[in-house]
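Peer 1: Dropping the structure in here first, questions after.
The values are calculated or read from the model by the stated rules, or taken from the named source; none is laboratory data. Note that this is a predicted model, so its numbers are computed, not measured. As a convention, Cβ positions derive from the backbone with ideal geometry for all residues, glycine included, and neighbour counts pool all protein chains shown.
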Amino acid sequence: MATTLFTQNTIALIWDFDKTLIPDYMQSPLFRRYGVDESVFWAETNALAERYRERGYHLAPEIAYLNHLLTYVLAGPLAGLNNQLLRECGRDIAFYPGLPDFFPRAKDFVRERPEYLKHEINLEHYVVSTGIAPMIRGSAIARHLDGVWACEFIENPLRPGFLDQREFSIEASAEIAQIGMVIDNTTKTRAIFEINKGTNKNPAIDVNSKMAGEDRRIPLQNMIYVADGPSDVPSFSVVKNGGGRAYAVYNPAKPEEFAQNDRLRRSGRIDHYGPADYSPNSSTSQWLRMQVHDICDRIVTDREAAVASKASKPPRHLNATPAEEAARRAAGSPKQASFLE
């Protein structure tokens, strides 16, 4: 018997991280811990592509800062850095006002009306970031997240011949040595489609598999994508063109970010924008709550319309008056067994 894979009563709030949830880059606590000059690191990172081009190399911008972090580990300034230390540094990440409290509060938005509870609507939070996954998983918002897509490092890489080995030594002095996962501003869209299709919930589903719209776990129209600017235009476009919402935030202390977001709105890249303040009475918090309710209302309408169109009316006696039919139902006539048909 044909059936759909998912009930599609889930809403996804998908978040960028740096400059969206936090005012700084997430690596700041790491540099403070090791006494590394953050401005020097980023200046070097920004100069890498041109310097390597002069040597005849082509460097993909997406991996420049990850490679440079590994160089700092190898050269000494970040010696001994491993995934556990990255996670510990994540504890020191400072968030914008209203966080992390907004995350559980947003999940309550879908419980504020009885019809939402009736249809078992739920909300999930996802972070899709070009930052470092262990730091996000160590941060104050981690326990509220339903999934994280971000860059990852490998410690103690497998050596040549590992296929023939039965046992592997575990080095106590592990440190990051290779890039395991890269998320950039274009591959973020892949993460959106993984959330859309439910590959994160069911590994048997490949993100490249062809799936009908009604079989996808979270339709694009059930998504709200929140980020800080032009680098997220590919993700804004995917969600907005699919019927979802695109929202940009800015640091209230930086007028240039406000102007940048206004240009995005005027060009149709986003639906709206507001300050990176997630406290209950902020315009950003209220806008997001309103959009969540709007999506909930549409889910309720769609599901109830589906019931009305697929559930036929029960049979009734021919030529019976409404009063007679009501009396028959009250008496518990065997004709009520029509639900078996």
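Peer 1: Test each condition in (1) over 19 Å from the mean Cα position of the chain (by Cα); (2) at pLDDT 95 or above for S169 and report the one that comes out false.
Peer 2: S169 satisfies all of (1) over 19 Å from the mean Cα position of the chain (by Cα); (2) at pLDDT 95 or above except (2).
Peer 1: Looking at segment 279-302, which of the residues that are more than 19 Å from the chain's Cα centre (by Cα) and crowded, with 18+ Cβ neighbours inside 10 Å is farthest from N122 (Cα to Cα)?
Peer 2: The selected residue is S282.
This table checks each residue for (1) in contact (Cβ under 8 Å) with a residue 12 or more places away in the chain; (2) in contact with a strand residue (DSSP E or B) (Cβ under 6 Å, 6 or more places away or on another chain); (3) surrounded by 15 or more Cβ atoms within 10 Å (Cβ to Cβ).
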| position | (1), (2), (3) |
| --- | --- |
| F17 | yes, yes, yes |
| T20 | yes, yes, yes |
| D24 | yes, no, no |
| L30 | yes, no, yes |
| S39 | no, no, no |
| E44 | yes, no, yes |
| A47 | no, no, no |
| R51 | no, no, no |
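Peer 1: Considering only segment 138-158, I want to know if a residue exists there that is touching a residue at least 40 places away in the same chain (Cβ under 8 Å) and more than 23 Å from the chain's Cα centre (by Cα).
Peer 2: yes
Peer 1: Can you tell me which residue within segment 206-227, out of those that are touching a Lys or Arg at 6+ places or on another chain (Cβ under 8 Å) and surrounded by 21 or more Cβ atoms within 10 Å (Cβ to Cβ), is farthest from D24 (Cα to Cα)?
Peer 2: First, pick out the residues of segment 206-227 that are touching a Lys or Arg at 6+ places or on another chain (Cβ under 8 Å): 207, 209, 211, 216-217, 221, 223-225.
Those left that are additionally surrounded by 21 or more Cβ atoms within 10 Å (Cβ to Cβ): 217, 223-225.
Working: R217: 33, M223: 26, I224: 23, Y225: 20 Å.
Here the answer is R217.
Peer 1: Does segment 266-286 include one or more residues that are of a type in the set (V, I, T), farther than 30 Å from V73 by Cα and in a helix (DSSP H, G or I)?
Peer 2: Going through segment 266-286, the residues of a type in the set (V, I, T) turn out to be 270, 284.
Now restrict to residues that are farther than 30 Å from V73 by Cα: 270, 284.
So of that shortlist, the ones also in a helix (DSSP H, G or I) come out as 284.
Within segment 266-286 (the criterion being of a type in the set (V, I, T), farther than 30 Å from V73 by Cα and in a helix (DSSP H, G or I)), the answer is yes, since at least one residue qualifies.
Peer 1: Any residue that is within 20 Å of F17 (Cα to Cα) and either at pLDDT 95 or above or out of contact with any Phe, Trp or Tyr (no Cβ under 7 Å at 6 or more places or on another chain) (or both) - is there at least one of those in segment 70-81?
Peer 2: First pass over segment 70-81, keeping only residues within 20 Å of F17 (Cα to Cα): none.
The answer is no; no qualifying residue exists.
Peer 1: I need a count of the residues in segment 194-247 that are of a type in the set (D, E, K, R) and free of Cβ contacts under 8 Å to residues at least 12 places away in the same chain.
Peer 2: The qualifying residues number 2.
Peer 1: Listed residues A106, A150, A191; which is touching a Ser or Thr at 6+ places or on another chain (Cβ under 7 Å), within 30 Å of D294 (Cβ to Cβ) and buried (at least 18 other Cβ atoms within 10 Å of the Cβ)?
Peer 2: Details: A106 fails: touching a Ser or Thr at 6+ places or on another chain (Cβ under 7 Å); A191 fails: touching a Ser or Thr at 6+ places or on another chain (Cβ under 7 Å).
Every option except A150 fails the conditions.
Peer 1: Restricting attention to segment 133-144, does a residue exist that is loosely packed, with under 15 Cβ neighbours inside 10 Å, of a type in the set (G, A, S) and more than 17 Å from V239 (Cβ to Cβ)?
Peer 2: Keep residues of segment 133-144 that are loosely packed, with under 15 Cβ neighbours inside 10 Å, which gives 143.
Still in the running and of a type in the set (G, A, S): none.
No, segment 133-144 has no match at all.
Peer 1: Residues E115, E88, E62: which one is more than 25 Å from the chain's Cα centre (by Cα), surrounded by 14 or more Cβ atoms within 10 Å (Cβ to Cβ) and under 27 Å from D146 (Cβ atoms)? Write out each step before concluding.
Peer 2: Values: E88 fails: more than 25 Å from the chain's Cα centre (by Cα); E62 fails: more than 25 Å from the chain's Cα centre (by Cα).
Being more than 25 Å from the chain's Cα centre (by Cα), surrounded by 14 or more Cβ atoms within 10 Å (Cβ to Cβ) and under 27 Å from D146 (Cβ atoms) holds for just one of E115, E88, E62, which is E115.
Peer 1: A follow-up question, please. Here are some residues: A246, A259, A253, A276. Which one is farther than 23 Å from N122 by Cα and within 19 Å of the chain's Cα centre (by Cα)? Can you show your working first?
Peer 2: Working: A246 fails: farther than 23 Å from N122 by Cα; A259 fails: within 19 Å of the chain's Cα centre (by Cα); A253 fails: within 19 Å of the chain's Cα centre (by Cα).
Among A246, A259, A253, A276, only A276 is farther than 23 Å from N122 by Cα and within 19 Å of the chain's Cα centre (by Cα).
Peer 1: Only one residue in A94, A174 is modelled with pLDDT under 95 and farther than 20 Å from F236 by Cα, so which one is that?
Peer 2: On the way: A94 fails: modelled with pLDDT under 95.
On inspection, the qualifying residue turns out to be A174.
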